[in-house]
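S.K.: Encoded as structure tokens, here's the structure I'll be asking about.
Just so it is clear, none of the values below were taken in a lab; they were calculated from the coordinates. Only a predicted model underlies this, so the values are computations on that prediction, with no experimental measurement involved. Virtual Cβ from ideal backbone geometry, glycine too; neighbours counted across all protein chains shown.
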């Protein structure tokens, strides 16, 4: 079956090489699949994050332009006077404050421009323009459109692309509520390019990331250069805030993300930010690592086979000599010497010569293993019993024997731990001190047995209300303490009120109802010891008892 590999060293070399090569193939394949998936998800999530950042920047820019127009429309004093010089100055100031305002002006109620930046379009009838029609009824932000009235009044872009604007308009109402006109501005669409270019880092550019802005009809609004004039976005696109791998028009696969632009009700433009990255670019690092791992796997296999051959050679010769020597010893021939053989017969010879010896050794070994197993089992049982006993003892030391709630020792340990956490993590905690009202009267009237039942019911009631939110401990006598980690003042007071109402409504025994007073204190950052919190809670408790009982009092430090 393994003809040509009839020696120990050859078979070891073949086996080690085959195993390592198989292992390398499995590991490299698994690593490639795992890293491909993770890198694809990481790249997609990075695209979504970048899309969201761009969306936020565009939204903020749109809202800022809209806010400026709204503020200008509300300065009613500028529109009341016949002399519009103040309005003209305000328009010029705003026009000069933002370089991408191509035009800003005010059209009266009939739609005639009576004031504008640099006098552009002054006297022109704009009553049929969408921004004037929509701006009459409220703030308006228009979609991207090409320049019409201003096309011949503005310099042409160097790249030959058409001039496009985004309109912002708002109605102007007089002090008496009468309609005065519409103030509006045309923002040059080129501002979008500046926003997007500022969003892309050099690393993003090297990754081949492209940015598109599309409208509700999936028409590309940006970019508008000749380079992208024939591109269409694929359908269907990912859901809002998600990504997936898509085939685009150029038959290439891209990681594609989509995020909708957040906008106000008056500017519900329906724009969406689409980012794409060539999948080959996103996965280039994985492919490089995959190639490197394959190379290293082959190299490691060859090196391992060489080392295995050398190692097998060092084992084969001694084994052959050992087999012949053991056989000679078994036969009583003390003069036999080690001789190297060329055939793979050493394992069979060694097995036959050592069989009897190994049989006796195995019997002894089995006996020893059985004894060892029995001893280990006993040790494990004894250890488990000791640990269980220690746990029970430790738990019993920290429990109140009457109410089975935590005792003062457990409370002090928990308070110290919570105090340290509060110092380290700057997080709050609260302590509620509780004292049963007129408890001595209960003991005197009903006896100490009923008094013990009342204390047990109070402890059980508290444990049910507090639950996992905190710790209930018997402080001493008829006093209980509730520790509430990571809890502020309002929550602590609410918890105390819940406990107060629960006691007040609970029938402790037939016909017996009691009340309790509560003092609540919070950890303060300048506390030097947890007992300061306890002392404040205790002071608040005594104040509650002095001012009428059956109430909750918060410590004022």
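S.K.: What whole number of Å gives the distance from the Cα centroid of region 485-519 to the Cα centroid of region 178-197?
M.R.: 62 Å
S.K.: For the residues 513, 98, what sequence is obtained by ranking on other C-beta atoms within 10 Å, fewest first?
M.R.: Ranked by crowding around the Cβ, least crowded first: 513, 98.
S.K.: Please order 179, 243 by the number of other Cβ within 10 Å, starting at the fewest.
M.R.: With the fewest neighbours first, 179, 243 line up as 179, 243.
S.K.: Points 7 angstrom from Cα along the Cβ direction at residue 23 and residue 245: gap in nanometres?
M.R.: Between residue 23 and residue 245, the label points sit 3.0 nm apart.
S.K.: Please work out the FRET efficiency for the pair residue 445 and residue 425, using the Cβ-Cβ distance as r and a Förster radius of 41 Å; give the result to the nearest 0.05. Please list the in-between numbers first.
M.R.: Working: r = 48 Å, r/R0 = 1.17.
With a Förster radius of 41 Å, E is 0.30.
S.K.: By count of other Cβ within 10 Å, fewest leading, how are 75, 206 ordered?
M.R.: Going from least to most buried by this count: 206, 75.
S.K.: Using 7 Å Cα-to-Cβ label points, what is the residue 498/residue 137 separation (nm, one decimal)?
M.R.: Computed distance between label sites residue 498 and residue 137 equals 5.1 nm.
S.K.: For residue 535 and residue 408 in the same chain, what is the full-extension length gain: residue separation times 0.36 nm, less their Cα-Cα distance, in nm?
M.R.: Working it through step by step, the gained length comes to 44.3 nm.
S.K.: Moving to a separate point now. Fully extended, how many nm does the chain gain between residue 296 and residue 380 (0.36 nm per residue separation, minus their Cα-Cα distance)?
M.R.: The residue 296-residue 380 span can extend by a further 25.6 nm.
S.K.: Scaled to the compact-protein estimate 2.2 N^0.38 Å, what is the alpha-carbon radius of gyration of region 408-554, rounded to two decimal places?
M.R.: Scaled against compact globular proteins, the figure is 1.03.
S.K.: Determine the shape class of region 401-491: with a ≥ b ≥ c the square roots of the Cα gyration tensor eigenvalues, call it rounded for a/c under 1.5, and otherwise prolate if a/b is greater than b/c, oblate otherwise.
M.R.: Prolate, because a/c is 1.5 or more and a/b exceeds b/c.
S.K.: Using 0.36 nm per residue of separation minus the Cα-Cα distance, give me the extension gain between residue 416 and residue 190 in nm, one decimal. Mind dumping the intermediate values first?
M.R.: Details: separation 226, 0.36 × 226 = 81.36 nm, distance 6.29 nm.
Working it through step by step, the gained length comes to 75.1 nm.
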